[in-house]
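Structure first, then comments.
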Amino acid sequence: MKLSLPRTSAKPTPPAALLDGNPRAKLRRRLYGRLFAPLLGLLGAFALIAWQPQAISAEINQVLPPPILDEPATGEHTAVAVLAGGCFWGVQGVFQHVRGVTRVLSGYSGGSADTAQYDTVSGGDTGHAESVQIVYDPAKVSYGRLLQIYFSVALDPTQLNRQGPDSGTQYRSAIFAVTPMQEKIALHYIAQLSAAQIFKRPIATRVTPFKGFYPAEDYHQNYLTLHPDDAYIAINDIPKVDNLKRLFPSVYQAQPVLVEVPKQ
């Protein structure tokens, strides 16, 4: 169920131990969620609703027009896309439920290998964005279709250097084009959506050539599936998966494609 609350012009100050962009706060959410998930889920939901309405109403949550330009059929069955749209927990969770996607890995893109660690990236000055690497079968789901889902349910593309309760360049909206064709499709689609004036504000998503992708720490992988009662996940990310199911029933799959990681 999606909650719709009015936007506010000023962002209220959040409780220090709850949802902010601080990496240690996120780790506390993870640990506390395991110990006190039912209670914290309820209390956290009320707290978040009270101080962060933008986190709930930010997504457009409608089926946007499909790209006019899309990748041609090549007979290939494996391709890679790299997208950034705020905290990678939710973006990974969305695309793990897309039919034709075979793997979605949370990680970092836009910076160098030596700074691709969560604590470092969270400082906001590494050039990295929290991203997901999507391996997909172009014969089942096209790159243009992935972008349509991305802009429709995975993020609010008009937010600059933030998504919902998280702020900083590491939470920016970005498309890292792996091929020249992907870059052409992405730029054309953004121009198409802008010309249609679907959004009230300019699209802040930037398209840049892909330079590298670095997997995030194991505890970040499959986070939405493993911690559905986490207050952050319940408020910010579960509605995205629900909207994927509602708006794109033909590509939604109930069983997520999870990353294999060592048991914690």
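The values are calculated or read from the model by the stated rules, or taken from the named source; none is laboratory data. Nothing here was measured: the structure is a model prediction, and the numbers come from that model. All Cβ positions, even for glycine, are placed from backbone atoms using ideal geometry, and neighbour counts span all protein chains on display.
Tabulated results
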item	result
Pick from segment 163-177, criterion surrounded by 20 or more Cβ atoms within 10 Å (Cβ to Cβ) and out of contact with any strand residue (DSSP E or B) (no Cβ under 8 Å at 6 or more places or on another chain), ranking: nearest to Gly127 (Cα to Cα)	Asp166
Those residues of segment 102-123 which are touching a helix residue (DSSP H, G or I) at 6+ places or on another chain (Cβ under 8 Å) and within 21 Å of Ala79 (Cβ to Cβ), in sequence order	Val104, Leu105, Ser106, Gly107, Tyr108
Residue within segment 86-102 that is assigned to a loop (DSSP other than H, G, I, E, B) and either touching a Lys or Arg at 6+ places or on another chain (Cβ under 7 Å) or free of Cβ contacts under 8 Å to residues at least 60 places away in the same chain (or both) present	yes
Selected residue (only one of Ala186, Ala204, Ala191, Ala195 is buried (at least 16 other Cβ atoms within 10 Å of the Cβ), outside any loop (DSSP other than H, G, I, E, B) and either of a type in the set (A, V, I, L, M, F, W, C) or modelled with pLDDT of 95 or more (or both))	Ala186
Criterion (more than 21 Å from Arg172 (Cα to Cα), among the β-branched types (Val, Ile, Thr) and at pLDDT 95 or above) met by exactly one of Val132, Val82, Val121, Val98	Val98
Meets criteria (over 27 Å from Glu71 (Cα atoms), among the acidic types (Asp, Glu) and within 16 Å of the chain's Cα centre (by Cα)) for Asp156	no
When residues of segment 207-240 are limited to those that are in a helix (DSSP H, G or I) and either in contact with a Ser or Thr (Cβ under 8 Å, 6 or more places away or on another chain) or charged (D, E, K, R) (or both), the one farthest from Gln96 (Cα to Cα)	Asp218
Test: Pro228 is under 16 Å from the mean Cα position of the chain (by Cα), surrounded by fewer than 21 Cβ atoms within 10 Å (Cβ to Cβ) and more than 19 Å from Gly164 (Cβ to Cβ)	no
Selected residue [of a type in the set (Gly, Ala, Ser), in contact with a Leu (Cβ under 8 Å, 6 or more places away or on another chain) and in contact (Cβ under 8 Å) with a residue 60 or more places away in the chain] from Gly144, Gly110	Gly144
Options Val82, Val153: the member that is under 27 Å from Gln192 (Cβ atoms), part of a strand (DSSP E or B), in contact (Cβ under 8 Å) with a residue 60 or more places away in the chain and not basic (Lys, Arg)	Val82
Only listed residue being in contact (Cβ under 8 Å) with a residue 12 or more places away in the chain and not aromatic (Phe, Trp, Tyr), chosen from Ala254, Ala191, Ala195	Ala254
